[in-house]
1. Restricting the search to region 106-146, which residues are more than 13 Å from His12 (Cα to Cα), out of contact with any Ser or Thr (no Cβ under 8 Å at 6 or more places or on another chain) and touching a residue at least 40 places away in the same chain (Cβ under 8 Å)?
2. Of these, Glu21, Glu15, which one is under 24 Å from Lys123 (Cα atoms), acidic (Asp, Glu), at pLDDT 90 or above and under 14 Å from the mean Cα position of the chain (by Cα)?
3. Of the residues Arg8, Arg77, Arg35, which single one is modelled with pLDDT of 85 or more and within 12 Å of the chain's Cα centre (by Cα)?
4. Suppose the filter is among the aliphatic types (A, V, I, L, M), without any contact (Cβ under 8 Å) to a residue 40 or more places away in the chain and surrounded by 12 or more Cβ atoms within 10 Å (Cβ to Cβ); does Ile48 pass it?
5. Across region 41-74, what is the number of residues that are acidic (Asp, Glu), assigned to a loop (DSSP other than H, G, I, E, B) and over 18 Å from the mean Cα position of the chain (by Cα)?
6. Quick one: count up the residues across region 61-89 that are over 21 Å from Gly118 (Cα atoms) and free of Cβ contacts under 8 Å to residues at least 40 places away in the same chain.
7. Give Arg139, Arg129, Arg88 a once-over and let me know the one that is in a helix (DSSP H, G or I), modelled with pLDDT of 90 or more and surrounded by 10 or more Cβ atoms within 10 Å (Cβ to Cβ).
Amino acid sequence: MKIICTNRKARHDYEILETIEAGMVLRGTEVKSLRAGNAQLKDSYAAIEGNELFLLNAHISPYEMGNRFNHEPTRTRKLLVHAKEIKRLLGKTQEKGLTLVPLKLYFNDAGKVKVELGLARGKKSYDKRRAIADRDAKRELARAVKEKDRER
């Protein structure tokens, strides 16, 4: 598995309840651009329209060597998931405060582009501060243990 890009802000802004892997419908120049690592998931999200799942606002830069058939960078892209999974996700996203957020974009072992979606609930600002404080405390503890091991 070769990771193309990750959405680091998603884990900071949302509490991830579960993850789902989905395939993507792409054009040729998009795949070439992804192989070069030119993608960004910063403000993107997934939405269910009808009985289909779509990825919106994901930015895949135009392929440098592309011609007039190059793709639009932020076009809506269809995601490939089983119909049963879409129905289950539709039920969950209609609950209060749940949304689908892309966590990472990667090539699987077969060379196909996959997106990992997270079913997420938004964090409050005090939850974010608590998460930062916990992470800093854990880092300080690890540093202290490392110092203690060096002294021996």
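The values are calculated or read from the model by the stated rules, or taken from the named source; none is laboratory data. Everything numeric in this text was worked out from a predicted model, so none of it was measured. Virtual Cβ from ideal backbone geometry, glycine too; neighbours counted across all protein chains shown.
1. Listed by number, the residues that qualify are Tyr106, Phe107, Asn108, Asp109, Lys112, Val113, Lys114, Val115.
2. When all the criteria are applied, what remains is Glu21.
3. On the way: Arg77 fails: within 12 Å of the chain's Cα centre (by Cα); Arg35 fails: within 12 Å of the chain's Cα centre (by Cα).
Exactly one of Arg8, Arg77, Arg35 is modelled with pLDDT of 85 or more and within 12 Å of the chain's Cα centre (by Cα), namely Arg8.
4. No, not satisfied.
5. Looking only at that region, the number is 2.
6. 10
7. Values: Arg129 fails: modelled with pLDDT of 90 or more; Arg88 fails: modelled with pLDDT of 90 or more.
Exactly one residue qualifies, and that residue is Arg139.
Table: residues versus (1) in contact with an Asp or Glu (Cβ under 7 Å, 6 or more places away or on another chain); (2) exposed (fewer than 15 other Cβ atoms within 10 Å of the Cβ).
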| site | (1), (2) |
| --- | --- |
| Lys9 | no, yes |
| Leu17 | no, yes |
| Arg35 | no, yes |
| Leu41 | no, no |
| Leu53 | no, no |
| Ile60 | yes, no |
| Glu64 | no, yes |
| Glu72 | no, yes |
